Amino acid sequence: MPQDEVSVHQQLRATGLRVTGPRQAVLEWLADHPHATVDEIGNGVRDHFRAVSTQAIYDVLAACAEVGLVRRIEPAGHPARYERRTGDNHHHLVCRNCGRVEDVDCAVGAQPCLTPDDDRGYDLDQAELVFWGMCPDCSSAAVSDDTARA
Ligand SMILES: [Zn+2]
Ligand SMILES: [Zn+2]
């Protein structure tokens, strides 16, 4: 990803945010762990960078989401997840059972799905599409449950 060639430090500075240890730690960890929940981020960051409270993680994520360094995904009924892949309006597959999230690109262009049948005069700049289903792990677990019961 070309974004990664620029250091987190430079990315933070480019947005005008102050470069702090927790901000750098969260952004670096999140780059390798897309679609993580606040708890996962907290655990991951604390492994490398002790003494970051959950509230501090929330604050970092809110500030970084505001300036577009982080994207927040909120699948209904599951905890919010965060990722570094921003600005391309990609879509997500979400598992109904375990909440696992995966990226999907749209088939058409860089700003996909911005051409509804009738935009009713709205000036559209984003579309959010979530594909709900069962991930391979959960569907194979469901199958073996059925087999066990039979
Ligand atoms: Zn699943
Ligand atoms: Zn994503």
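The values are calculated or read from the model by the stated rules, or taken from the named source; none is laboratory data. Keep in mind that what you see is a predicted model, and the values were worked out from it rather than measured. Heads up, the Cβs are rebuilt from the backbone with ideal geometry, glycines too, and the neighbour counts pull from every protein chain shown.
Looking at segment 44-55, I want the residues that are at negative phi and have a partner that is assigned to a loop (DSSP other than H, G, I, E, B) and surrounded by 12 or more Cβ atoms within 10 Å (Cβ to Cβ) with Cβ atoms under 7 Å, at least 6 apart or on another chain. Which pairs are those?
GLY44/HIS33; VAL45/VAL52; ARG46/VAL52
So, of the residues in segment 15-36 that are surrounded by fewer than 16 Cβ atoms within 10 Å (Cβ to Cβ) and farther than 11 Å from ARG84 by Cα, which turns out to be nearest to the chain's Cα centre (by Cα)?
THR15
Can you find a residue in segment 70-85 that is out of contact with any helix residue (DSSP H, G or I) (no Cβ under 8 Å at 6 or more places or on another chain), modelled with pLDDT under 95 and on the phi > 0 side of the Ramachandran plot?
yes
Going through segment 116-137 one residue at a time, which ones are surrounded by 10 or more Cβ atoms within 10 Å (Cβ to Cβ), assigned to a loop (DSSP other than H, G, I, E, B) and not hydrophobic (A, V, I, L, M, F, W, C)?
PRO116, ASP119, GLU128
Restricting the search to segment 38-59, which residues are of a type in the set (A, V, I, L, M, F, W, C) and in a helix (DSSP H, G or I)?
Hits for segment 38-59 are VAL38, ILE41, VAL45, ALA56, ILE57.
Among the residues of segment 63-108, write down those that are within 13 Å of ligand 2 (Cβ to nearest atom), in a loop (DSSP other than H, G, I, E, B) and buried (at least 16 other Cβ atoms within 10 Å of the Cβ). Before the answer, list the steps.
Looking only at segment 63-108, we keep the residues that are within 13 Å of ligand 2 (Cβ to nearest atom), and these are 70-75, 80-94, 100-106.
When the remaining residues are screened for being in a loop (DSSP other than H, G, I, E, B), the result is 70, 74-75, 80, 84-90, 100, 105-106.
Once the filter is applied, which keeps residues that are within 13 Å of ligand 2 (Cβ to nearest atom), in a loop (DSSP other than H, G, I, E, B) and buried (at least 16 other Cβ atoms within 10 Å of the Cβ), segment 63-108 yields VAL70, PRO75, ARG84, THR86, ASN89, HIS90, ARG100, CYS106.
Filter segment 37-62 down to the residues that are hydrophobic (A, V, I, L, M, F, W, C) and either out of contact with any strand residue (DSSP E or B) (no Cβ under 6 Å at 6 or more places or on another chain) or over 19 Å from ILE73 (Cα atoms) (or both) and list them by number.
VAL38, ILE41, VAL45, PHE49, ALA51, VAL52, ALA56, ILE57, VAL60, ALA62, listed by residue number.
I'd like the full set of residues that are within 21 Å of VAL8 (Cα to Cα) and either within 14 Å of ligand 1 (Cβ to nearest atom) or touching a His at 6+ places or on another chain (Cβ under 6 Å) (or both), limited to segment 74-106.
ARG81, GLU83 - these are the residues of segment 74-106 that are within 21 Å of VAL8 (Cα to Cα) and either within 14 Å of ligand 1 (Cβ to nearest atom) or touching a His at 6+ places or on another chain (Cβ under 6 Å) (or both).
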